[in-house]
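Engineer: Structure in structure tokens, see below.
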Amino acid sequence: MGKRKIFDQVSDMEKQIGELYEQLGDLKEQLSNLLEENHRLAMENHHIRKRLNSTEEHSDSGENDKATTDIPSEGYDNLARLYEEGFHICNVHYGSPREEEDCLFCLLFLNKTK
Ligand SMILES: [Zn+2]
């Protein structure tokens, strides 16, 4: 193998290593984004569960249908705030993000408890 050829091979390899290193950097960034999102979702989940529990504590019966009819005002404020923050508070989609749209079930629910 000529010296020239070896040199070419080495610089080829150098280029490949450079590209791999770049890909590794991208993957690392994606991983860190995923971890961040995972953490955010876990916190959100925790947050929603906490609110759900405190809402359930306020109602005497475990039955959902009954609970919707007699939520004390504190519970109502919490739910209204939760709705304002962009989450469903209706029995149909409770706790899931609302994505900017008003939800009929939620609005009915809010009116019913007002
Ligand atoms: Zn809803």
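The values are calculated or read from the model by the stated rules, or taken from the named source; none is laboratory data. As the structure is a computational prediction, the values presented were derived from the model and not from experiment. Neighbour counts are summed over all protein chains in view; Cβ atoms, including those assigned to glycine, are modelled from backbone coordinates with ideal geometry.
Engineer: Would you mind telling me which numbered condition in (1) at pLDDT below 85; (2) within 12 Å of the ligand (Cβ to nearest atom); (3) of a type outside the set (A, V, I, L, M) N78 fails?
Structural biologist: (2)
Engineer: Restricted to region 92-110, and to residues that are assigned to a loop (DSSP other than H, G, I, E, B) and closer than 17 Å to D77 by Cα, which residue is farthest from the ligand (Cβ to nearest atom)?
Structural biologist: G95
Engineer: Further question: I need the full set of residues from region 83-101 which are out of contact with any Phe, Trp or Tyr (no Cβ under 9 Å at 6 or more places or on another chain) and at pLDDT 85 or above, in order please.
Structural biologist: The answer is E84, E85, G86.
Engineer: Count, please, the residues in region 82-91 that happen to be within 10 Å of the ligand (Cβ to nearest atom) and over 15 Å from the mean Cα position of the chain (by Cα).
Structural biologist: The qualifying residues number 4.
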